[in-house]
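J.: My structure is below; once you've seen it, I'll send some questions.
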Amino acid sequence: MRPLRDPGADVTAEELVRGLRLAAGGRGGRPRVVAIMIASVDGRATVEGGSTKLGHREDRALLRGLRAAADCLLAGTGTIGAEGYARLLDADQRAAREAAGRPAHPLVATLTRSGEVPWETPVFSEAGVRKQVYSGVPVTAPAGVTDTTVEVIPGAGARAALEHLHAAHGIRSVACEGGPGLLRALLADDLVDDLLLTLAPLLVGGEGPTSLSGPALEGPPRMGLHDVLRADDHLFLHYTR
Ligand SMILES: NC(=O)c1ccc[n+]([C@@H]2O[C@H](COP(=O)([O-])OP(=O)(O)OC[C@H]3O[C@@H](n4cnc5c(N)ncnc54)[C@H](OP(=O)(O)O)[C@@H]3O)[C@@H](O)[C@H]2O)c1
C-alpha cells in the first residue's frame, strides 16, 4: 500500500477535466464516455432523495467543468427528474464555449424505454439548450418543451443512442451523470471509458439507491485506478477502462 500524501502541486477541477483530453473522441463509432458520480462511504448515491447533500464545492466544479468540456451531457430520465435539471452551466462557461465556436450548452441527451420523460423538469423548456430524447416507444413532447428531438430506438439501447449521437450530431465526448440505472446499462455494454467517482465522507445507510442499480454485472467489470485526489475529507477517484 502507498500513502496518499503527495507533496505535488494542487490540481484544479479544470486541470483534471483538461487532462481527460475529451476532444480526442471515442472509438468504434461512438463518443468518448466519461461517467461521473458521487457516493457516500457506504456507497449511497443520495441523501434525502438527491445527491446535493453529498457534495463539495470541488465536486460541483468538477461536474460543471466536465459539462462545459463535453459535447453532450447524458443522464437517465430518473436523474433529470429527481435532480431537477436546469441552468446546467455558469455564465462564464457558456461564454467560453461560445468564444471557442461551440454551442453555449452541451447537447442534453436522455434515454427511456417506457417513453416516460419528466417533461416538467425546467431544462426541457429552456430555450437554446438542445435536447435529444431516445425512447423505446414513440413519444410526443408536450407544449412548452423547446429545442427537443425524439428518436425511437427499440429498447432504448445505450450503444445505439451513443452511435446516433456520434453520427447524427457529431458528438465526440459525453459526460454521463448517471444515475444508477443508466450507469449500469453503460457498464454492462462496456461503454464507459472513464469513471470519476467522488467519495463523500458520509455514512448514510437506509434504502436509497447506490451508485449502480439493477442485476449484478457479469465479470464484474474492472477498471484501473488512474488518479486519487482529495479536497478536505472528500476523495476524488479517477478510474479508466
Ligand atoms: N450520486 C450521484 O452522483 C447521482 C447521480 C445521478 C442520480 N442520482 C440519484 O439517482 C436517483 C435516480 O436513479 P435512477 O436509477 O432512476 O436514475 P437514472 O439512471 O437516471 O434513470 C433510470 C431510468 O432511465 C431509463 N433508461 C433508459 N434506458 C435504460 C437502460 N438501458 N437501462 C436503465 N435505465 C434506462 C429508465 O426509464 P424507463 O423506465 O422509462 O425505461 C430508467 O427508469 C435519484 O435519486 C438521483 O438523485 C445520484
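The values are calculated or read from the model by the stated rules, or taken from the named source; none is laboratory data. Predicted model, so just to flag it, every value in this text is computed and none were measured. Cβ coordinates were reconstructed from backbone atoms using ideal geometry, including for glycine residues, and neighbour counts include every protein chain displayed. These accessible areas exclude ligands, DNA and RNA; they are computed on the full protein's heavy atoms, side chains included. Shrake-Rupley method; radii C 1.70, N 1.55, O 1.52, S 1.80 Å.
J.: Could you look at the stretch 46-147 and say what percent of its accessible area is carbon and sulfur, using a 1.4 Å probe and all protein chains?
T.: Reported share for carbon and sulfur atoms: 51 percent.
J.: Another question, then. What would the Debye formula give as log10 I(q)/I(0) at q = 0.27 Å⁻¹ for the alpha-carbon point model of the stretch 13-73, no solvent?
T.: Here log10 of I(q) over I(0) equals -1.12.
J.: May I pose another question? Using θ = phi - 60° and the Karplus form 6.51 cos²θ - 1.76 cosθ + 1.60, what ³J(HN,Hα) does each residue of the stretch 23-39 get, whole Hz, x for Gly and Pro?
T.: Those phi angles translate into 4, 5, x, x, 8, x, x, 9, x, 5, 10, 10, 9, 9, 9, 10, 9 Hz.
J.: What ranking, highest mean first, results for peptides 22-31, 173-182, 154-163 when packing means the other Cβ atoms within 10 Å averaged over each residue?
T.: Ranking the peptides 22-31, 173-182, 154-163 by packing returns 173-182, 154-163, 22-31.
J.: Another one. Report the one residue of THR52, MET37, HIS105 whose Cα lies farthest in the direction of the positive end of the charge dipole of the stretch 26-240 (charges on C-beta: Lys and Arg +1, Asp and Glu -1; origin at the Cα centre).
T.: The Cα lying farthest towards the positive end belongs to HIS105.
J.: Return P(r) of the chain (all Cα-Cα pairs; 10 Å bins starting at 0; whole %; ordered from short to long distances).
T.: The distribution over the chain is 7, 32, 39, 19, 3, 0, given as percents.
J.: Moving to a separate point now. Which ³J(HN,Hα) values in Hz, rounded to whole numbers, follow from the phi angles of the stretch 109-116 under the Karplus curve 6.51 cos²θ - 1.76 cosθ + 1.60, where θ = phi - 60° and Gly and Pro get x?
T.: Taking θ as phi minus 60°, the curve returns 10, 9, 10, 8, 7, 7, x, 8 Hz for the stretch 109-116.
J.: Using alpha carbon centroids, what distance separates the stretch 186-241 and the stretch 136-182, in Å?
T.: Using only Cα atoms to place each centre, the spacing works out to 23 Å.
J.: Can you order the peptides 60-73, 100-113 by their average number of other Cβ atoms within 10 Å per residue, highest first?
T.: 60-73, 100-113
J.: Considering all alpha-carbon pairs of the stretch 107-241, what whole percent are spaced by more than 18 angstrom?
T.: 64 percent
J.: Mind checking the dipole of the chain: about its Cα centre, +1 per Lys or Arg Cβ, -1 per Asp or Glu Cβ, Debye to the nearest 20?
T.: Magnitude of the dipole: close to 500 debye.
J.: If you don't mind, there's one more thing I want to ask. Using amide H atoms built 1.01 Å from N in the peptide plane, name the residues 5+ places from ALA35, or on other chains, whose amide H lies under 5 Å from its own.
T.: Residues meeting the amide H criterion: CYS176, ASP193, ASP194, LEU195, LEU196.
J.: If I model a spin label at THR240 and ARG222 as a point 7 Å from the Cα along the Cα→Cβ vector, what separation in nanometres do I get?
T.: 1.7 nm
J.: Quick one: Cα centre-to-centre distance for the stretch 22-66 and the stretch 103-133, in angstrom?
T.: 18 Å
J.: For a test of the definition: using alpha carbon positions, the gyration tensor, and the 1.5 limit on a/c, classify the stretch 1-124 as rounded, prolate or oblate.
T.: Here the stretch 1-124 falls in the oblate category.
J.: Continuing with this model, one more query. Leaving out ligands and nucleic acids, and using a 1.4 Å probe, what accessible area per residue does the stretch 26-240 come to in Å²?
T.: Computed with neighbouring chains in place, this is 46 Å² per residue.
J.: List the residues whose amide H sits under 5 Å from the amide H of ALA109, counting only those 5 or more places along or on another chain, with H placed 1.01 Å from N in the peptide plane.
T.: LEU73, LEU74, ALA75, GLN132
J.: Something else now. Taking a virtual spin label 7 Å from the Cα of LEU4 along the C-beta vector, which residues in the stretch 34-54 bring their backbone nitrogen under 17 Å of it?
T.: Backbone N within reach: 37-44, 54.
J.: Something else now. How far apart, in nm, are two points set 7 Å out from the Cα along the Cα-to-Cβ line at GLU15 and at GLU98?
T.: The two pseudo-label positions are separated by 3.0 nm.
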